[in-house]
């Protein structure tokens, strides 16, 4: 409990202290280091994209590479965050977030990929409510990944919707693809599943989303996630609700 | 894939400073800023370069990497720039970081950057955040300027105006408003505001603010349960740990305080002040290893920053003394005198030396050091805490210098005439010198002396003899320069004079000085705020 340097990414190691490195610590340190590398890769790829002409043949490949780098980055971010959450070290920080700015930021991160795949991306803004209270970085990571997935599996449309119902903010990501397979709609997914052999999906994204949702509590209510099919656009829909 | 922005001129007119140690990243971030519309961009590869650029002239927007290689990190650069006054109320500081840490997002508000961006930084994020910050800073600049000038009533007025228009971020204004209510001693308004916010949502800062109110009112049990709940919900909310530890200390539960601070430094290990608090608490519990480790960390964290102070050195000297290693303690104190500037630090080190020499059985050197410090204390110019002066008196007593001990004890009591714990401790010291009876009488007369001055001053003021009251308060202040109640009464009389005879700048400054000193001694005292507000209303 009182070991000060369990997580080397969180604090500079004090050379006067003996190292208490176990496997988890090595893995987290490595994840942290990998994340730094991926950030540099992402930055270079974005710069490259800016310099490749719009009709350049390598443009699609560069987009793909950027997308994969972003995926690796968001997985690493989620693993690191989950580890810190379990250790009680994550600086969970619900703040007042401007919803329009939030939508703008999250869409900005997905627009390039959507364009390269010919997917139309639109946003259904929140009516009355201008602000909501949540941990911006955690929720941003969930919604960004959900948008990336939707763009991957949709036919040609993806929508980000924000609305307040029953005192909860609902962030909805929906598409017009084939929807989620039945097993994913089962209650308790992904916690009851191992790594899925059919899709190779680890379920990390959904697990992360449901953990983070439940950390958001207000006046006795806790956040939730759910998956639905046959949404407004006819395909799958991911819903994150925050009290 | 540039995000279309109809109006980039706002960026073009502003000066940017980019601080990033990694050259390739520096180029990328600079390109990003350019794509957002920035024209004037200076770059720095480390904290030293950044501060040099800021000293040459102010920048409007600073984008700073948190990890800057060896030397200062981004947070230290920010604190130093603030400390040197290189950042105006409208300046925007964005921290870029690979990872969110508790220090960065939930440290003391006055040390926080305006925003932080997680890597990889995207154009949409950078531009969106900057645009919003520019608007927010503009709308808050007037309030921030008023607060910086300590015109709290005017700042409150501005908050009310903002809330009526509501162009910006309402909860943020409410937060400033609640702080202002506490600063100006309007506890009831602050409470009403917290209650109304908490009626709708469990907002962490409102819970922490309410707990602070309970602490000031001495409702420690309520503060404690509120803070414990807050920490359970939001384990990274550092202010809650600090306040909770103080609550435990004030009810004498030092072990509980130590436990809370241990948990706090685990979550957020980079605050030298918090490490000091842990050191002091552990020392009190006689957990010498914990104390030593905390003080050493504090020293390392504060080195080459503006937060360097005497506490960790004095603490380490105590630890070594408690281990019967007086030579080590003297080494620490010599190091302290060499590394800290100012007469105050030298005096503090010297006072501690007196204790160490005495512990070594060197009565001669102990006596010399103690006399030197004692003279300075009686002359009024010092920064020693009451408990440090008590320690010195104890040393005198053990050396057999009863008179010197007695004078110091009377000085402490005069300046803290309402503090029963200090009076009890003073009596103990008198008893160690086998002058219990005499001591009891001296303590009583010192308390009486302070009370008499207060009562007489109040009587004269009530009779309208403001000039006489002021003269009396000034005399009493030279005798009790650290008595908060007296200082506030002095300020009260000065303000009454101003009210009656009209504004005088020198008198206003005199009152302000008394209030400022009192606030250092009793930070939560609501009369400080009330008097400041009255002064402001007059000026």
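Read-outs throughout are calculated quantities, based only on the coordinates presented, and are distinct from any laboratory measurement. The shown structure was predicted, so the numbers you read here are calculated from the model rather than taken from an experiment. Note that each Cβ is placed from the backbone with ideal geometry, even for glycine, and that neighbours are counted across all protein chains shown.
Laid out as a table, the results:
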{"quantity": "Spin-label pair residue B:504/residue B:418, simplified geometry with 7 Å Cα→Cβ offset, distance in nm", "calculated": "2.8"}
{"quantity": "Sequence of A:133, B:241 once ranked by neighbouring C-beta atoms within 10 Å, starting from the fewest", "calculated": "A:133, B:241"}
{"quantity": "Sorted by Cβ density within 10 Å, fewest first, the residues B:399, B:340, B:299", "calculated": "B:340, B:399, B:299"}
{"quantity": "Part-to-part distance (alpha-carbon centres) for segment B:223-277 and segment A:63-131, which is given in Å", "calculated": "33"}
{"quantity": "Relative exposure of B:432, B:83, A:216, B:270, judged by other C-beta atoms within 10 Å (fewest first)", "calculated": "B:83, B:432, B:270, A:216"}
{"quantity": "Sites residue B:403 and residue B:516, calculated FRET efficiency, Cβ-Cβ separation with R0 51 Å, nearest 0.05", "calculated": "0.95"}
{"quantity": "Three semi-axes of the equivalent ellipsoid, the protein assembly as shown, Cα gyration tensor, whole Å, largest first", "calculated": "55, 30, 25"}
{"quantity": "Alpha carbon centroid spacing (whole Å) that separates segment B:144-167 from segment A:148-188", "calculated": "43"}
{"quantity": "Two-decimal log10 I(q)/I(0) for segment B:61-167, as the Debye equation yields it once each C-alpha is a single scatterer, q = 0.11 Å⁻¹", "calculated": "-0.40"}
{"quantity": "Global form of segment B:464-538, assessed from the alpha-carbon gyration tensor, a/c cut-off 1.5", "calculated": "oblate"}
{"quantity": "Cα-based convex hull volume of chain B per residue, rounded to whole Å³", "calculated": "171"}
{"quantity": "Translational diffusion of segment A:23-86, µm² s⁻¹ [Kirkwood Rh, Cα pairs; Stokes-Einstein; 25 °C; 0.890 mPa s]", "calculated": "191"}
{"quantity": "Estimated inter-spin distance, residue B:304 and residue B:31, nm [label 7 Å along Cα→Cβ]", "calculated": "3.2"}
{"quantity": "Quarter of Cα convex hull surface for segment B:155-233, i.e. mean projection, nm²", "calculated": "5.3"}
{"quantity": "Theoretical ellipticity at 222 nm over chain B - DSSP helices of four or more residues, -39500 (n - 2.57) apiece, nearest 500", "calculated": "-23000 deg cm²/dmol"}
{"quantity": "Segment A:60-150, Rg to Rh (Cα coordinates; Rh as Kirkwood inverse mean 1/r)", "calculated": "1.01"}
{"quantity": "If the convex hull is drawn through the Cα atoms of segment B:319-409, its volume per residue in Å³", "calculated": "84"}
{"quantity": "Dimensions (Å) - segment B:280-347, Cα atoms, principal axes, largest first", "calculated": "30, 23, 16"}
{"quantity": "Potential lengthening between residue A:59 and residue A:221 on full extension [0.36 nm per residue; Cα-Cα distance subtracted]", "calculated": "53.7 nm"}
{"quantity": "Cα gyration tensor shape for segment A:95-242, rounded if a/c is under 1.5, else prolate or oblate", "calculated": "oblate"}
{"quantity": "Amide N proximity, segment B:237-262 versus residue B:284 label position 7 Å along Cα-to-Cβ, cut-off under 14 Å", "calculated": "B:242-262"}
{"quantity": "Residue B:325-residue A:129 FRET efficiency (beta carbon distance; Förster radius 45 Å; 0.05 resolution)", "calculated": "0.10"}
{"quantity": "Segment A:23-86, relative contact order [Cα under 8 Å, separation at least 6], %", "calculated": "46"}
{"quantity": "Gap separating the Cα centres of segment B:406-473 and segment B:36-114, nearest whole Å", "calculated": "48"}
{"quantity": "Antiparallel DSSP beta bridges within segment A:95-242, percent to nearest 5", "calculated": "85"}
{"quantity": "Per-pair calculated FRET efficiency, R0 = 45 Å: residue B:165 and residue B:219 via Cβ, rounded to 0.05", "calculated": "0.80"}
{"quantity": "Label point 7 Å beyond Cα of residue B:455 along Cβ direction - residues of segment B:392-433 with amide nitrogen under 16 Å", "calculated": "B:417-418"}
